[in-house]
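Accompanying notes for the structure given below.
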Amino acid sequence: MDVILEALDMKTGYTAAGGGSWIPCRGDELESVSPIDGRVIGRVRKATRKEYEQVVDQAATAFHHWRMVPAPVRGDIVRQIGDAMRRRKSELGALVSLENGKILAEGEGEVQEMIDMADFAVGQSRMLYGLSMHSERPGHRMYEQWHPLGPVGVITAFNFPVAVWSWNAMIGLICGDTLIWKPSSKTFLTALALLKIAWQIFRDNDLPEGILSVVIGDREDVGGALIDDSRIPLISATGSTAMGQHVGKRVAARLGRSILELGGNNAVIVTPKADLDLAVRAILFGAVGTAGQRCTSTRRVIAHRDVFDRLAQALIQAYRQVPIGDPLVDGTLMGPLIDRQAVDTMQLAIQQITSEGGTILWGGRVLAGGLYDTGTYVSPCIADVRPDMPIVARETFAPILYLMRYDTIAAAIDINNQVPQGLTSAIFTTDLREAEQFLSHAGSDHGIANVNLGTSGAEIGGAFGGEKETGGGREAGSDVWKTYMRRQTATINWSGQLPLAQGIRFDVKI
Ligand code: NAD
């Protein structure tokens with residue numbers, strides 16, 4: 001722990017708020033506790049409303065400067081931030097593991113995702129294209145241009161303490177926005193470490209403070225203030241559906257914009273034509289990776305009746321082999337859950353599965369002894385369930401995998417779609433017709449639909465997000481940058497006449 005914190009210069013000397021330097025905060029103390037062994041790895045005093053105001057004032061002032069920096073020059077700053085993160089990849093990856101409990105490979109993977117986002121954004125900074133249209137009026141030119149939007153509020157979940165911020169930050173920066181980050185209180189140390197690295201780049205380039213800021217505090221003092229703040233035209237919020245319902249309503253009440261990235265309940269359909277070996281490996285990573293704490297974790301497997309038993313046996317066999325333990329140790333494939341509350345939630349869900357008529361096929365136990373005595377380690381669970389059981393429609397943020405049977409491909413797609421969430425979905429089949437039906441208008445109603453690969457581990461080049469209770473937001477690649485900008489339609493009259501659109505005549509003698 002000390003080695004990781006020292007390497008990032010994060011043993012002390014930071015606070016819960018700032019936009020280029022640390023603002024002293026006066027709230028209650030907040031601790032970051034490692035789920036690996038229960039040790040406190042960082043402490044801050046939370047920001048109060050006063051420090052919140054300082055951060056937003058600074059971000060609003062910095063916006064006036066940053067929006068006038070040419071987009072490709074903003075791209076070059078993002079390139080420098082990406083390079084700085086690249087140099088610190090292993091330390092940052094280790095801090096993610098330490099604070100969040102995901103295995104080192106996944107911690108480093110998350111940092112790599114941020115670096116990839118930076119690279120992507122650098123290119124995008126030269127491609128903030130607007131359309132030009134043919135005017136119906138002679139001697140007129142009409143086109144669309146994209147302007148920076150303003151300070152953007154970014155609320156993130158505990159499970160991706162690096163990647164989700166970077167989806168917003170790298171794109172928001174090239175778009176000319178300033179960004180105010182409210183990270184999860186469970187993983188705030190990673191956020192502070194990232195900003196410290198980024199701030200140095202702004203200093204090196206003589207840029208003002210407030211372009212990238214952070215503020216950590218109580219839900220209403222800071223979270224509530226952020227979502228109600230009319231100086232912030234866009235709130236990008238990632239977390240549970242309950243949080244999104246609250247945030248979405250409040251932002252809408254002031255007619256602000258929001259990007260909502262909420263809970264998933266992701267399914268894999270396995271047909272009789274599937275390559276079962278491929279399916280088992282993909283389901284294992286999707287369900288057990290990150291200890292089942294990804295928004296894209298595989299939670300439901302919808303298997304054809306003819307392959308159900310074989311698939312269930314192969315999965316149980318694979319689950320038996322999963323090394324569970326210290327995520328910083330080479331070879332571990334599953335670390336702890338984020339805290340004991342998450343373990344309790346998992347245990348309650350397991351009770352509900354059996355009370356609703358499901359059968360536990362494997363795991364689901366709280367582990368004990370040695371490191372396990374933190375109470376945060378569990379064995380991943382496989383349950384045999386029916387699709388109509390209420391528990392199956394809920395996202396339990398833990399490694400529980402529901403196995404269900406189907407008879408026809410249409411029924412499998414119905415089961416895939418019958419949950420209120422709509423994030424990621426996949427089908428394993430070598431039959432072109434089944435694959436195309438799954439991808440058709442009558443197929444999966446989720447934001448992401450894959451063929452012969454699992455539900456988790458999306459690439460940054462595509463737009464990421466989901467439908468229904470997942471919130472409808474999109475982040476990362478494709479044309480997502482448009483959400484972070486203000487569209488303006490401009491018409492220029494060079495004719496010397498004043499013809500009106502739609503042929504309207506409105507002449508008086510002057
Ligand atoms: P959470 O909803 O408890 O918290 C997420 C963030 O919202 C935190 O920063 C929290 O402090 C903040 N928050 C909560 N209530 C708030 C309020 N009233 N006002 C302002 N801010 C508020 O979620 P979590 O436990 O940190 O993360 C797990 C959840 O996030 C899961 O449901 C998971 O599916 C979801 N998630 C979704 C995506 C996605 O892209 N769709 C990505 C990661 C996680």
*Hey, what's the Cα Rg ratio for region 1-106 versus the globular rule of thumb, 2.2 N^0.38 Å?*
1.29
*How are the C-alpha pair distances of region 46-126 spread across 10 Å bins, as whole percents from the shortest bin up?*
18, 28, 32, 22, 0
_Directionally averaged shadow of region 445-510, computed from the convex hull of its alpha-carbon atoms, nm²_ = 9.4 nm²
*Filter on Lys11/Lys46; Lys182/Lys249; Lys196/Lys482; Lys11/Lys186; Lys50/Lys186; Lys186/Lys482 - keep pairs with C-alpha separation over 20 Å*: Lys196/Lys482; Lys50/Lys186; Lys186/Lys482
*Could you give the angle, 0 to 90 degrees to the nearest 10, between helix 188-204's Cα long axis and the longest principal axis of the Cα atoms of the chain?*
30 degrees
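Relative contact order, percent, of region 200-256 when contacts are C-alpha pairs under 8 Å separated by at least 6 residues?
Numbers: 23 pairs, mean separation 15.8, N = 57.
Here the relative contact order equals 28 percent.
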*Given N residues in region 410-493, what is Rg(Cα) / (2.2 N^0.38 Å)?*
1.37
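What fraction, in whole percent, of alpha-carbon pairs in region 94-235 exceed 22 Å separation?
Considering region 94-235, 47 percent of its Cα-Cα pairs are separated by more than 22 Å.
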_Residue by residue through region 55-65, what is 3J(HN,Hα) from phi via Karplus (6.51 cos²θ - 1.76 cosθ + 1.60, θ = phi - 60°)? Round to whole Hz and write x for glycine and proline._
5, 6, 4, 5, 5, 5, 5, 4, 4, 4, 7
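Determine the relative contact order of region 361-486: mean sequence separation of Cα pairs under 8 Å and six or more apart, normalised by residue count, in whole percent. Kindly include the intermediate steps, with their values, before the conclusion.
Values: 179 pairs, mean separation 20.7, N = 126.
The value is 16 percent.
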*Relative contact order (%) - criterion: Cα under 8 Å, at least six apart; region: region 57-189*: 32 percent
*Taking Lys468 as the anchor, which aspartates and glutamates have their alpha carbon closer than 16 Å to its alpha carbon, excluding any fewer than eight residues away along the same chain?*
Glu261, Glu395, Asp414, Asp445
_Antiparallel versus total DSSP beta bridges in region 338-484: what percent is that, nearest 5?_
50 percent
*Do any chymotrypsin sites (Phe, Trp or Tyr not before Pro) in region 421-510 lie in a DSSP loop with no more than 14 other beta carbon atoms within 10 Å, and if so, which?*
Trp494, Phe506
*Residues whose placed amide H lies under 5 Å from that of Leu149, excluding near-sequence neighbours*: Asp177, Arg486
_Cα-based radius of gyration of region 320-469 once divided by 2.2 N^0.38 Å, which approximates compact folds_ = 1.17
*Under-5 Å amide H pairs with Gly42, H placed in peptide plane, nonlocal only*: Ser32
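Dipole size in debye (nearest 20) for the chain around its Cα centre, Lys and Arg Cβ +1, Asp and Glu Cβ -1?
Once rounded to the nearest 20, the dipole reads 1220 debye.
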*Ordered by packing density, taken as the mean number of other Cβ atoms within 10 Å over each peptide's residues, highest first, how do 167-179, 21-33, 382-394 rank?*
167-179, 382-394, 21-33
*asked:* Compute the helix-to-body angle for 89-100: its Cα long axis versus the longest principal axis of the chain, expressed 0 to 90° and rounded to tens.
replied: 60 degrees
*What are the residues whose amide H is under 5 Å from the amide H of Val451, where those residues sit 5 or more places off or on another chain and H is modelled from the backbone?*
Ile427
*Compute the acute angle (0 to 90°) between the alpha-carbon long axis of helix 163-174 and the principal axis of greatest extent of the alpha-carbon atoms of the chain; round to the nearest 10°.*
10 degrees
*Express in whole angstrom the spacing between the alpha-carbon centres of region 1-54 and region 455-510.*
40 Å
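Note down, for the chain, the three equivalent ellipsoid semi-axes (square root of 5 times each alpha carbon gyration tensor eigenvalue), biggest first, whole angstrom.
Over the Cα atoms of the chain, the semi-axes work out to 41, 32, 19 Å.
Read-outs throughout are calculated quantities, based only on the coordinates presented, and are distinct from any laboratory measurement. Keep in mind it's a predicted model, so treat the numbers as computed, not measured. Note that each Cβ is placed from the backbone with ideal geometry, even for glycine, and that neighbours are counted across all protein chains shown.
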